[in-house]
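J.: Below you'll find the structure I mean.
Bear in mind these aren't lab numbers, they're just calculated from the coordinates by the rules spelled out. Bear in mind that the values here come from a model prediction, so they are computed numbers and not experimental data. All Cβ positions, even for glycine, are placed from backbone atoms using ideal geometry, and neighbour counts span all protein chains on display.
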Amino acid sequence: MDELVIEVERRGSTGKGANRKLRREGLIPAVVYGGKDKESVAVALDRHTVTELLRQEKGRNTVFLLKMKGTKQERHAMVRDAQIDPLTRQYAHLDFIRVIKGQRLKVEIPIVVEGEAAGVKVGGFLDWVGRTVHIECAAEAIPESFRVDVTNLELGHHIAAADLPLPEGVRLLDDPRKMIVTVKTHAKEVEEAKPAEAAAAGEEATEPEVIKRGKAVEEGSGDAE
């Protein structure tokens with residue numbers, strides 16, 4: 001299990017006033033709960049340190065080692081929920097859930113697309129529909145991301161969740177048919193093709209009508225004579 005350490009300190013008081021004071025001091029109020037320990041512990045941690053760690057590719061899927069300041073207590077935990085300040089866009093509060101090695105977790109993993117699709121090179125465009133997938137795996141085996149190579153993806157072809165290279169022990173929770181990425185034709189090209197086809201069909205349809213009219217004129221002329 002990755003040992004990304006975050007030092008936390010137990011909060012003496014809680015509530016809006018106490019939390020605002022912590023934020024002014026550059027700290028984030030948080031709570032740690034779950035696991036075999038039934039007790040929920042209110043803690044505070046350094047905003048800068050946590051923000052930098054959560055900006056890494058694995059982000060909130062990272063298993064952290066939380067060490068209680070001034071004690072020998074330590075627990076592995078993951079971020080279960082995060083509150084963001086709508087004005088500053090900084091973390092306002094974090095919920096950590098304790099995890100243990102071997103514990104199976106349900107997580108959301110980002111998709112990373114690599115390469116230039118063959119279909120794009122001939123005029124199509126890449127439609128990246130599925131940005132994440134949900135999986136279940138052991139806490140210590142959570143992948144940072146799933147990388148999808150689209151180099152050989154032709155026009156009109158797609159990659160679904162079932163096509164992802166899942167490591168051993170990882171179970172897909174999403175519908176296997178869930179679309180991840182596809183190469184499409186530009187809508188303008190399709191729209192331009194339709195009138196052209198309609199015009200060609202119209203010309204073919206009117207041709208017999210002209211012939212019939214010609215026959216009618218000839219027959220009419222004979223009657224007059």
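J.: For every other residue with a beta carbon closer than 15 angstrom to the beta carbon of residue 90, add +1 if it is Lys or Arg and -1 if Asp or Glu, then tell me the sum. Walk me through the numbers before you get to the answer.
T.: Numbers: positive: 20, 23, 24, 47, 55, 89; negative: 25, 46, 52, 85.
Spelling it out: positives minus negatives among the neighbours equals +2.
J.: Moving to a separate point now. What translational diffusion coefficient, to the nearest whole µm²/s, does the range 27-175 have by Stokes-Einstein, given a Kirkwood radius computed over alpha-carbon pairs, a temperature of 37 °C and 0.692 mPa s viscosity?
T.: Details: Rh = 17.7 Å.
It diffuses with D of about 186 µm²/s by this estimate.
J.: In addition: When only C-alpha pairs under 8 Å and at least 6 residues apart count, what is the relative contact order of the range 4-100, in percent? List each step's numbers first, then the result.
T.: On the way: 180 pairs, mean separation 30.8, N = 97.
For the range 4-100, the relative contact order is 32 percent.
J.: A further question follows. For the range 4-100, what is the charge dipole size about the Cα centre, in debye to the nearest 20, if Lys and Arg each add +1 at the Cβ and Asp and Glu each add -1 at the Cβ?
T.: Details: 20 positive and 12 negative charges, 40 e Å.
It works out to roughly 200 debye.
J.: Amide H neighbours of residue 4 under 5 Å, counting only residues 5+ apart in sequence or on other chains, H built in-plane at 1.01 Å?
T.: So residue 4 has HN proximity to 65.
J.: How big is the gap, in Å, between the Cα center of the range 107-164 and the Cα center of the range 167-187?
T.: 7 Å
J.: In percent, what relative contact order does the range 37-163 have, based on Cα pairs under 8 Å that are 6 or more apart in sequence? Numbers along the way, then the final one.
T.: Working: 174 pairs, mean separation 28.0, N = 127.
Once divided by the residue count of the range 37-163, the mean separation gives 22 percent.
J.: Sticking with this structure for a sec: Direction-averaged shadow area of the convex hull around the Cα atoms of the range 8-100, nm²? Present the calculation step by step, with values, prior to reporting the outcome.
T.: Details: hull surface 24.6 nm².
Taking a quarter of the hull surface, the average projection is 6.1 nm².
J.: Residues with amide H under 5 Å of residue 130's amide H, sequence separation 5 or more or different chain, H placed in the peptide plane at 1.01 Å from N; which?
T.: Long-range HN contacts for residue 130: 180, 181.
J.: Ranked highest first by average number of other Cβ atoms within 10 Å, how do 149-160, 82-93 line up? Please list the in-between numbers first.
T.: Working: 149-160: 15.8, 82-93: 12.0.
Highest mean packing first, the order is 149-160, 82-93.
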